[in-house]
Amino acid sequence: MRLTFLGTGGGVPSLKRGLPSIAINFSGELILFDCGESTQRQMMKAGVGFKRKLIIFLTHLHGDHVLGLPGLLYTLSMLDRKDPVKVIGPKGTIEFVKSLLSLKTGKIRFDVYVGEASEGLVYESKEYVIEAVEADHTVPALAYRLREKNRPGKMKVEYLESIGLPRGPLWGKLQRGEEIEFKGRIIRPEEAMGPPRPGRKIVYTGDTRPSQRIIEFARDADVLIHDATLGPEFEEEAAKEGHSTVNQAAEVALKAGVKRLYLFHISPRYEGREDALLLEARKIFPESYLAEDLLKYEVPLRS
């Protein structure tokens, strides 16, 4: 589960930061959260690849979070993509994408499936689910949680070897939760394996004021990527514009009991002075980090 920050600024791009977009490579798929301008170029620079299975989740429809979508789709078409792309976002996403594609500024040679989401389960694959909750912004907005499904427990190697069960297909069946027959006896998965191991969780808020709903949604997450647009001196301005300050983001992380916080959507007014923001956050939540363009993080497995 590799997390790559493609763009980490907010509002307008700066020399150091592009506009919001996050990539997660997991289970042979590529998941994008938001799609700021030049997302496709950042994908190339970061080496995340253009996976055959690509799903894009939009938090809301403000320009800095979505105007990279037409460029990405046309780039994929120029690269002769044939596989479909899914785009999912809040109410208004279908009309927005249809408007983009109706401009006829180029031809998209693959299908684009568009859906609108609300709170709850948004998407499910074999190995993970994407869930959403309402964020507290100035327009309808969603925060997303990628939750890995529980992984099978560890094989009880000593036990299996003691009964003479050879490694191979029968072990695989047990790992998949299937009973097997060996030397006239039935062996159940719970006999051969330890308890299921919990999956990992990544939460991305998009643009939001701090909220109890986000705290509960992010509870015990491995990674929380939270709006941290401004420093604590601009708390009133942040609230008016539907954003959070770095200290508010840190307080959310602390209350939610997350393992790691990334400060995201940094205002360009802090260009070259971001370390001061990080220090403010770490006073409250020591495991705070500044999201930087092209920064990568491998989310470790849970035991």
Quiz item: Only one of (1) touching a residue at least 40 places away in the same chain (Cβ under 8 Å); (2) touching an Asp or Glu at 6+ places or on another chain (Cβ under 8 Å); (3) not in a loop (DSSP other than H, G, I, E, B) is not met by G199, so which one is it?
Solution: (3)
Quiz prompt | Selected residue (only one of G153, G172 is farther than 30 Å from H65 by Cβ and surrounded by 13 or more Cβ atoms within 10 Å (Cβ to Cβ)) | solution = G153
Exercise. Tell me which of these I163 doesn't satisfy, since it passes every other one: (1) in the same structural domain as A132 (by TED's automatic domain parsing); (2) in contact (Cβ under 8 Å) with a residue 12 or more places away in the chain.
Key: (1)
Quiz item: If you go through region 220-239 one residue at a time, do you hit one that is without any contact (Cβ under 8 Å) to a residue 40 or more places away in the chain, in contact with a Lys or Arg (Cβ under 7 Å, 6 or more places away or on another chain) and in a helix (DSSP H, G or I)?
Solution: yes
Exercise. Can you tell me which residue among G164, G199 is surrounded by 15 or more Cβ atoms within 10 Å (Cβ to Cβ), over 20 Å from G92 (Cβ atoms) and small (G, A, S)?
Key: G199
Quiz item: Would you call G177 modelled with pLDDT under 90, at positive phi and not assigned by TED's automatic domain parsing to the domain that holds I22?
Solution: yes
Quiz item: Of R302, R273, which residue is within 19 Å of the chain's Cα centre (by Cα), modelled with pLDDT under 95 and charged (D, E, K, R)?
Solution: R302
Quiz item: What number of residues within region 3-56 satisfy the criterion of being in contact with a Lys or Arg (Cβ under 6 Å, 6 or more places away or on another chain), in contact (Cβ under 8 Å) with a residue 40 or more places away in the chain and either in a strand (DSSP E or B) or outside the structural domain of I130 (by TED's automatic domain parsing) (or both)?
Solution: 4
Quiz item: Residues in region 71-94: is at least one among the β-branched types (V, I, T), surrounded by fewer than 21 Cβ atoms within 10 Å (Cβ to Cβ), assigned by TED's automatic domain parsing to the domain that holds R269 and in a loop (DSSP other than H, G, I, E, B)?
Solution: no
Quiz item: From the residues in region 126-149 that are more than 17 Å from K91 (Cβ to Cβ) and in contact with a Ser or Thr (Cβ under 8 Å, 6 or more places away or on another chain), which one is surrounded by the fewest Cβ atoms within 10 Å (Cβ to Cβ)?
Solution: K126
Quiz item: Exactly one of (1) surrounded by 15 or more Cβ atoms within 10 Å (Cβ to Cβ); (2) closer than 14 Å to T8 by Cα is unmet by I284. Its number?
Solution: (2)
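The values are calculated or read from the model by the stated rules, or taken from the named source; none is laboratory data. This structure is a prediction, so every number in the text was calculated from the model and none was measured. Here the Cβ is made from the backbone with ideal geometry for all residues, glycine too, and neighbour counts use every protein chain on show.
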